[in-house]
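J.: This is the structure I want to talk about, given as structure tokens.
The values are calculated or read from the model by the stated rules, or taken from the named source; none is laboratory data. Just so it is clear, the model here is predicted, and its values are computed rather than measured. Because the Cβ atoms are built from the backbone with ideal geometry, glycine has one as well, and the counts that use them run over all protein chains shown.
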Ligand code: GDP
Ligand code: MN
């Protein structure tokens, strides 16, 4: 789950990372009021879950409350990378002497968290990596020990940070790691971490991605999810306990087991098809799950055909067939789309019989199914 900047800053504040105070508002009038209460200058910032808001015109400095109102009016009407702006954060503007980057994410190859720092903050770290890779400094973190003070000192030394600034920076490193572990993040980022002319640091932006699987342990945080940021299909799948990922093709893919679904995506793509989604109904799925899965995939207007690939183990083929027949009767009327079914394993014969009765002929192999659906959808 991605957090908005204002939510991420709230978590930063809880672990003691300095932020610039602000208020989230939904109207220009409230923005003016907030600017008056906070004291100008303020920065008016679009709250959307995509980066690069500054470049897109979604971050503006206002020197009067009236100006804050005008900027809020403009920003609230914007659409940034496909996301309509529904809220703006009005925050106290800080003077910036220098912008730094600080982040922690997971290095999957090393299987460790990695601390990443750059004295070239302000721009996206991917861009720094491209134009000046020498300006990025990092170290891996032992998950049981956390970042050692010597690791932080070494990094700051290599990055050429003044002695006088090292203490405060080091403490922000530690607090950011605390936020990363305490809130079960897969990514935390402060960009920019600003140095003020007075010589102190403040987090002017916050990026936070929390592991969805940790949400049940994180209490109120689960309710911080911005429902608008999910597609209707993603929301329906999450609520039904199905694993769904939207892709940009036109062939709906449903299977049981993440590995099987991934293999199906690869096979369809290798044969020239373009998968519209990943959908894993999981092991032991009941008829109602199949029905829900079909409903979700069919509600994506890009889908022009469906390939259902079931390998029956714990999942029983007759159960899947029953769900499929039920769903297809209901849904086919509204969507006359080709459906290819491959059904093998536990209770395969019973499953096939149920499907054949309804005029659905399952294919014999996964390859044949993939080839068939690619032919049918073009
Ligand atoms: P992003 O573009 O989505 O990453 O949004 P940011 O919150 O990082 O803001 C973009 C840029 O706006 C920053 O890199 C800063 O240069 C500038 N900015 C943001 N907040 C302030 C502030 O309080 N004072 C000043 N002077 N500039 C700010
Ligand atoms: Mn930023």
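J.: I'd like to check something: does region 69-84 contain any residue that is modelled with pLDDT under 95, away from ligand 2 (no atom under 16 Å from the Cβ) and assigned to a strand (DSSP E or B)?
T.: yes
J.: Related question: Sort out which residues of region 202-235 are in contact with a helix residue (DSSP H, G or I) (Cβ under 8 Å, 6 or more places away or on another chain), surrounded by 15 or more Cβ atoms within 10 Å (Cβ to Cβ) and over 29 Å from residue 101 (Cβ atoms), and write them in order of number.
T.: Correct list: 233, 235.
J.: Within region 229-254, take every residue that is under 25 Å from residue 105 (Cβ atoms) and in a helix (DSSP H, G or I) and give me the one that is nearest to the chain's Cα centre (by Cα).
T.: 229
J.: Looking at region 45-54, which of its residues are closer than 18 Å to residue 126 by Cβ and near ligand 2 (Cβ under 10 Å from one of its atoms)?
T.: 51, 52, 53, 54
J.: Going by what's in this entry, would residue 294 be described as under 26 Å from the mean Cα position of the chain (by Cα) and in the same structural domain as residue 248 (by TED's automatic domain parsing)?
T.: Yes.
J.: Taking the conditions exactly as written (within 10 Å of ligand 1 (Cβ to nearest atom) and exposed (fewer than 14 other Cβ atoms within 10 Å of the Cβ)), does residue 86 satisfy them or not?
T.: no
J.: Would you please name the residue that is nearest to residue 357 (Cα to Cα), looking only at residues in region 292-317 that are free of Cβ contacts under 8 Å to residues at least 40 places away in the same chain and crowded, with 20+ Cβ neighbours inside 10 Å?
T.: My answer is 317.
J.: Does residue 60 satisfy being touching a helix residue (DSSP H, G or I) at 6+ places or on another chain (Cβ under 8 Å) and within 15 Å of ligand 2 (Cβ to nearest atom)?
T.: When the stated conditions are applied, residue 60 passes them.
J.: When residue 26 is evaluated against the numbered criteria (1) more than 16 Å from ligand 1 (Cβ to nearest atom); (2) more than 29 Å from residue 145 (Cα to Cα); (3) surrounded by 19 or more Cβ atoms within 10 Å (Cβ to Cβ), which criterion, by number, is the only one it fails?
T.: Failed condition: (3).
J.: With the structure loaded, tell me whether residue 116 is within 16 Å of ligand 1 (Cβ to nearest atom) and free of Cβ contacts under 8 Å to residues at least 60 places away in the same chain or whether it fails that test.
T.: yes
J.: Only one of these conditions is not met by residue 1: (1) in contact (Cβ under 8 Å) with a residue 40 or more places away in the chain; (2) within 13 Å of ligand 1 (Cβ to nearest atom); (3) closer than 19 Å to residue 225 by Cβ. Which number is it?
T.: The single condition residue 1 does not satisfy is (2).
J.: Of the residues 46, 35, 109, 56, which is away from ligand 1 (no atom under 11 Å from the Cβ) and not assigned by TED's automatic domain parsing to the domain that holds residue 183?
T.: 35
J.: Now for a different question. Given the structure, is residue 205 within 18 Å of the chain's Cα centre (by Cα) and away from ligand 1 (no atom under 14 Å from the Cβ)?
T.: So residue 205 does not fit the description; no.
J.: Between residues in region 42-60 that are farther than 12 Å from residue 204 by Cβ and residues that are near ligand 1 (Cβ under 8 Å from one of its atoms) and in a loop (DSSP other than H, G, I, E, B), which pairs lie under 6 Å by C-beta distance while being six or more apart or on different chains?
T.: Every condition considered, the pairs that remain are 42/93; 46/53; 46/58.
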